[in-house]
1. Hey, for a label at residue 376 modelled as a point 7 Å past Cα toward Cβ, could you say which residues of region 300-315 have their backbone N under 14 Å away?
2. Determine, from the Cβ-Cβ distance of residue 444 and residue 192 and an R0 of 25 Å, the FRET efficiency 1/(1 + (r/R0)^6), rounded to the nearest 0.05.
3. On the principal axes of its Cα set, how long, how wide and how thick is region 440-534? Give whole Å, largest value first.
4. Between residue 205 and residue 537, what is the label-to-label distance in nm when each label sits 7 Å out along the Cα-to-Cβ direction?
5. Given H placed on each backbone N at 1.01 Å, which residues far from residue 393 in sequence or on other chains put an amide H within less than 5 Å of it?
6. Once neighbouring chains are kept in place and the probe is 1.4 Å, which whole percent of the accessible area of region 189-336 is contributed by carbon and sulfur?
7. Consider a paramagnetic label point 7 Å from the Cα of residue 224 along Cα→Cβ; state which residues of region 425-446 have an amide N under 19 Å from it.
8. Would you pull out the residues with amide H under 5 Å of residue 318's amide H, same chain only if 5 or more places away, H placed 1.01 Å from N?
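The values are calculated or read from the model by the stated rules, or taken from the named source; none is laboratory data. Keep in mind that what you see is a predicted model, and the values were worked out from it rather than measured. Cβ placement follows ideal geometry from the backbone for every residue including glycine, while neighbour counts extend to all protein chains displayed. Remember, those area values only see protein heavy atoms, side chains included, never the ligands or the DNA or RNA. Shrake-Rupley method; radii C 1.70, N 1.55, O 1.52, S 1.80 Å.
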Amino acid sequence: MVAVTNGVTNGNGVHGTTQYSNSNGNGKCHGDGPNGKQKEAQDKVFQEEFESTPIMPAILTYISYAVTTLFGFIRDFMRNNNLDKTIGACERDDMKDFVPLYASFESFYTRNVYIRIRDCFNRPICSVPGAKIDVVERQSRDSGWTVACTKSTRRPPVKSDTHFYMDNHTGGVHKDVTNLGSYNYLGFAENSGPCSEDAIESIKTYGAGVCGSRMEMGNLDIHEKLEDAVADYIGVDSCLCFGMGFATNSMNIPCLVNKGCLILSDELNHASLVLGCRLSGATTRVFKHNNIADLEKKLRDAIVTGQPRTHRPWKKILIIVEGVYSMEGSIVNLPGVLALKKKYKAYLYLDEAHSIGALGRRGRGVTEYFGIDPREVDVMMGTFTKSFGAAGGYIGGTKDLVEHLRKHSHSTYYATSMAPSVCQQILTCLEKIDDPNDGHLRIKQLARNSKLFRQGLKKAGFIVYGNDDSPVVPMMVFMPGKLGPFSREMLARGFAVVVVGFPATPLVESRARFCISAAHTEQQLQDTLDAINEIGDVLKLKYSKSKIS
């Protein structure tokens, strides 16, 4: 492993271990909590692990891609000359008058790799996305060209004595499958209990939809009540809520910066942030993930050289980071980023989609996790689609910032307002999170579950990325040919998991990504670890050279 301190690599490797303390010199870090009282953050050593890709899996991965590419070209040649009649890799005859969907080299990867494991992605579920779900089984009779849902229902097969078994029963729904893929961090995605009951009651008052934008006839009193509650919860002056989390980023970043401004974006930022940067017209430069030294270098260079050609000073410099990175399981080095933001007089945009509710003693997110006053962050963004089990997003900050967005954001003018039932779901969740007998227990349970699961994978010998306190746990698979068998065998054993490969990850960093919830019991997690351990032995997924005891 390569040692990394404060984001500076002390070696030639890309991955390693990041360690830094959130102290201010005397071992403590202080900040104002959402209630205005001074809070003393727990002194901790912040550690993340990104173990280097082993040489042999990397070589085998490249070889597998080379073999796939070779045979892909051979099959394309055979198809073009009518020597291969495979339905799943060519257009139907009645599609000749339409623009080709699978043509040219651009779809080469889709034809030859993705389509083979298509059944492992986009699996429909037919239940609440809680700790247990019902997964619809699908079949393909044309080599993956189309996938059809089967209609009969059944329970998962009884585990056999052999390592691997395939259930050939045609049709059904996998019932009561342990859910390791949903962002239900605090377990509020429920169809019973106070949250859902209050949401149902709100429909009796407001109806199911608003049928208008916030700037027209779609501004309800429950929207303003929600915004006040969220502002108080995250500890800022004012807040503006939107009906879609993706649009919260993509439609509002262009309201904050434009031509003549500079955006410094973490290389692993979410697609919604990337789209917002592109739509803004501002110059965007990418810095290495969580690398404070690289960020400072780019800040210094930007200030010294100014804008291209004219060398005029930038109108604004906006740093964009996430609280928890959903594919790496890492937590932003917020103290380091904040120090640079102050030093170079830049602005900071913090996306807390995965960290709000999931981090901090009271679930206030990454600012509470580090003991930092939320008002030190210029733009506090988050979503309600994870910890709150709802939909939509918010942006919080000063009153001037929020009023500016209210008047200039496309989301307030053109997008339909958030449904009242969704507003009520979030409001009830906020009340429950502050309840010591409910929300506080869920937050503690989530922290325990995350560490239990992550440590269990490490002890078994798997390579796991990210921070010990992150509820997102990526387990490296590396070879794309192992994604399909891993996903299918986990589902056959009664566990729904998410597998991710290129282009969502680098070519040699395919992985299974687990999302831990407070709703998971210790027994469910242990059963999952046992299944992963069993499949990992057969697929040879235990690559780690730093197995812990």
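1. none
2. About 0.65, to the nearest 0.05.
3. 40, 27, 21
4. About 5.7 nm separates the two model spin labels.
5. Result for residue 393 returns 242, 243, 244, 245, 384.
6. The nonpolar share, carbon plus sulfur, comes to 53 percent.
7. Backbone N within reach: 427.
8. Here 262, 263, 264, 347 satisfy the definition.
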